[in-house]
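Asks: Dropping a structure here in structure tokens format, bear with me for questions.
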Amino acid sequence: MSAGDTAVLTDDEAAVRDVATRIMAAWAANDADGFAAIFTEDGTLIGDSYMKGRDGIRAYMAAGFAGPYAGTRVHVEPLDVRFLTAEIALLVTRGSVLLEGESGIVPERGFLATSTVVRRDGRWHIAAYQNSKGTTDG
């Protein structure tokens, strides 16, 4: 399902898409602990750097929120969800880092990302995330 589709979402698809909402909320609160908690304990994040595990992700985001990401928000739009198994999904998103007063996608800070999302203890978490610069889904 793409961002423009209007089909009714299954509960699992809605929960996987909600990962993007949780990322935006943790970032808006500058909450490195909350951001890291969205990942599995051994999760990986590849963006400008490679981070492994919640502790590494937490440390990177805490430094970011105290430095270059201070006062920013992130906008994330799910583009596609594909279930590989009942417990594993691929989430494709686009987004951008937003400065004060900005909304939506800002092309110069835009990114496309893939996340391998897994269900653990009844909640969906990111096991692996990677982004690259860009803003189109086509």
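Asks: How big is the dipole moment of the chain about its Cα centre under a simple scheme where the beta carbon of each Lys and Arg is +1, that of each Asp and Glu is -1, and everything else is neutral? Debye, nearest 20, please.
Replies: For the chain, the charge dipole is close to 220 debye.
Asks: ³J(HN,Hα) across the stretch 15-22 via Karplus (A = 6.51, B = -1.76, C = 1.60, θ = phi - 60°), whole Hz, x for Gly/Pro?
Replies: With coefficients 6.51, -1.76 and 1.60, one gets 5, 5, 4, 5, 4, 4, 5, 5 Hz.
Asks: How do 58-65, 127-134, 46-53 rank on mean C-beta neighbours within 10 Å, highest first?
Replies: Highest-to-lowest ranking by the protection proxy: 58-65, 127-134, 46-53.
Asks: Below 8 Å, C-alpha to C-alpha, sequence gap of six or more: please give me the relative contact order for the stretch 11-133 in percent.
Replies: 25 percent
Asks: Taking a label point 7 Å from the Cα of residue 25 along the Cα→Cβ vector, which residues of the stretch 34-50 have an amide N closer than 18 Å to it?
Replies: Once the point is set 7 Å along Cα→Cβ of residue 25, 34-40 turn out to lie under 18 Å by backbone N, inside the stretch 34-50.
Asks: Here is a follow-up. Can you tell me what share of the DSSP beta bridges in the stretch 11-133 is antiparallel? A percent to the nearest 5 is fine.
Replies: Once the DSSP bridges in the stretch 11-133 are tallied, antiparallel ones form about 90 percent.
Asks: Can you give the Kirkwood hydrodynamic radius of the stretch 11-133 from its Cα pairs, in Å with one decimal?
Replies: Mean inverse Cα-Cα distance, inverted, gives 14.3 Å.
Quick note: the coordinates plus some simple rules give every number you see, no bench work behind them. Computed from a predicted structure; not experimentally measured. A quick note on method: Cβ atoms are made from the backbone with ideal geometry, for glycine too, and the neighbour counts reach across all protein chains shown.
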